[in-house]
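The values are calculated or read from the model by the stated rules, or taken from the named source; none is laboratory data. All figures in this text were calculated on a predicted structure; none of them were measured in a lab. Reconstructed Cβ throughout: ideal geometry from the backbone, glycine too, with neighbour counts over all protein chains shown. For accessibility, only protein heavy atoms count, side chains too; no ligands or nucleic acids. Shrake-Rupley method; radii C 1.70, N 1.55, O 1.52, S 1.80 Å.
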Amino acid sequence: MPPTGQRSQVRVTYADYAYHYEPYRSRKRRSGGYHIRLQVEGQCRLWINGERLTVLPGDLTFTQPGDTVQVQFDAEPDAKSKRQLISGNYYLSCGGVWLEQWWRQSERATVVNIPLHQNVLSIFQAIVLEHRLTKIGSGDNATAYLLRALCLILDRMATESSTGKENELLQIAQRMKHYIAERATLPLRVDEVAKHAGLSPSRAAHLFKSVFNQTIMEYAIEVRLSIASDRMKFTTMTLDKIAETSGFGSYTYFHRVFRAKYGISPTQYRQKK
């Protein structure tokens, strides 16, 4: 457990995933802390310091102490079920010295749209769970570390989500890159990556190569090799099993690709490590 002084640098005072099924409009209130909100499902309307925003999936909103905030949830006019989900979002209320310093490191937009990658959703989910466990005395305060990791990842993703045509293409390329990294251990085809990005296979291949100077499959192999090398260093899995679970399918193929990359066989690499 970290020393008290360290832990006080970051604190999470509230963390939850909120579901909204009924129309609702809150009263205008003044924020007493820092708040991070990620829209995951549905949509809502926010008024932050008088500015009206329509918040859609992937929209990340930041508010700081002193901001005035109001939220509204509206049911779809043609909603067939009274129980239809209007909005679903993660919501964090937080503070502390580290967070204040992080907040002031750059000028933060009120709202930024980010891809809803599993790594970000998993950290939000972990923060909610750890905060809940800590409140009932069933866990250590891991939320401070998770919140730091989340903030740093959000910084990177916000940078990747800049506006403009050139950056729009960069966002699409980054979306493909994240998709590949998340699924590298599974069978992967260029047309699947292209479909995820909303492009034709040839357009996706050209865009990825122009941005990252390597092909989609070259990057997939790079990720698989990284996973395999970690498993050789930190697990007792057999090389056959590592080849299979890292996305290579067969040890023969894994051996050939690994030697081409590192100049030695997987067996020699494991012995050296």
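Going through (1) within 22 Å of C94 (Cα to Cα); (2) exposed (fewer than 12 other Cβ atoms within 10 Å of the Cβ) one by one, R52 falls short only on (1).
In this structure, T63 does not satisfy being at pLDDT below 85 and either open to solvent by 30 Å² or more (accessible area, probe 1.4 Å) or out of contact with any Phe, Trp or Tyr (no Cβ under 6 Å at 6 or more places or on another chain) (or both). Quick check on segment 85-104: of everything there that is among the polar types (S, T, N, Q) and either touching an Asp or Glu at 6+ places or on another chain (Cβ under 8 Å) or buried (at least 18 other Cβ atoms within 10 Å of the Cβ) (or both), which residue is nearest to I180 (Cα to Cα)? So, considering only residues that are among the polar types (S, T, N, Q) and either touching an Asp or Glu at 6+ places or on another chain (Cβ under 8 Å) or buried (at least 18 other Cβ atoms within 10 Å of the Cβ) (or both), the one nearest to I180 (Cα to Cα) is N89.
In segment 4-22, the residue that is modelled with the highest pLDDT out of those that are open to solvent by 80 Å² or more (accessible area, probe 1.4 Å) and over 22 Å from the mean Cα position of the chain (by Cα) is E22. Under the condition of being without any contact (Cβ under 8 Å) to a residue 24 or more places away in the chain and over 20 Å from L116 (Cα atoms), the residues counted in segment 193-209 number 7.
The criterion of at least 1 residues that are surrounded by 13 or more Cβ atoms within 10 Å (Cβ to Cβ) and within 25 Å of the chain's Cα centre (by Cα) is met, among helices (runs of 4 or more DSSP H) falling completely within segment 184-273, by 190-197, 201-212, 216-234, 239-245.
Residue count for segment 31-49 under the criterion of being modelled with pLDDT of 90 or more and out of contact with any Leu (no Cβ under 8 Å at 6 or more places or on another chain): the result is 3.
There is at least one residue in segment 154-177 that is at positive phi and at pLDDT below 90. Across segment 112-130, not a single residue is classified as within 27 Å of R27 (Cα to Cα), modelled with pLDDT of 85 or more and over 18 Å from the mean Cα position of the chain (by Cα).
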